[in-house]
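Take a look at the structure below.
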Amino acid sequence: MPWKESRASDERLKFIAEIVSGVPHCFNEDRPHQALLMQTPPSLYHPTIRHLPGALTEIRYDERHVVRPVRKNGTIRWKSREVFITEVLPA
């Protein structure tokens, strides 16, 4: 019997996952947004007409600036100390 109960709960989880998986799409694209005057994002979207470069040029800093690497934990070394900068940079 424990196997049957486990299988039933697995089926329920799959069913719930199917229902929930469509929520972000509906929430972000299908429903009207108050901030968009009750329009949907796809109804207002249009591709950019600007030409975007295939690759970005390397950023060059003059001698007044010091480039410091940001570590995976979001810190840099400055004046012999570890200073937290951010959590949002990619690892």
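To keep it simple, each residue is scored yes or no on (1) on the phi > 0 side of the Ramachandran plot; (2) of a type in the set (Asp, Glu); (3) over 22 Å from the mean Cα position of the chain (by Cα).
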site	(1), (2), (3)
Ser21	no, no, no
Leu36	no, no, no
Pro41	no, no, no
Leu44	no, no, no
Thr48	no, no, no
Glu63	no, yes, yes
Arg77	no, no, yes
Val83	no, no, yes
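Conditions (1) under 30 Å from Ile85 (Cβ atoms); (2) charged (D, E, K, R), marked per residue:
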| position | (1), (2) |
| --- | --- |
| Ile19 | no, no |
| Gly22 | no, no |
| His25 | no, no |
| Gln39 | no, no |
| Pro42 | no, no |
| Glu58 | yes, yes |
| Val67 | yes, no |
| Lys72 | yes, yes |
Go through Leu89, Leu52 for me and flag whichever is loosely packed, with under 10 Cβ neighbours inside 10 Å, at pLDDT below 90 and closer than 30 Å to Asn28 by Cα. Leu52
Could you identify the single residue in Val70, Val23, Val66 that is modelled with pLDDT of 85 or more and surrounded by fewer than 10 Cβ atoms within 10 Å (Cβ to Cβ)? Val66
With Glu82, Glu11 as the choices, which residue is part of a strand (DSSP E or B) and of a type in the set (Asp, Glu)? Glu82
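A quick yes/no check of all residues on (1) polar (S, T, N, Q); (2) without any contact (Cβ under 8 Å) to a residue 12 or more places away in the chain:
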position: Arg31; (1), (2): no, yes
position: Leu37; (1), (2): no, yes
position: Ser43; (1), (2): yes, yes
position: His65; (1), (2): no, yes
position: Val70; (1), (2): no, no
position: Asn73; (1), (2): yes, yes
position: Arg77; (1), (2): no, yes
position: Glu82; (1), (2): no, yes
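The values are calculated or read from the model by the stated rules, or taken from the named source; none is laboratory data. Every value quoted in this text rests on a predicted model; they were computed, and no experiment measured them. Here Cβ is always computed from backbone atoms with ideal geometry, including for glycine, and neighbour counts include all displayed protein chains.
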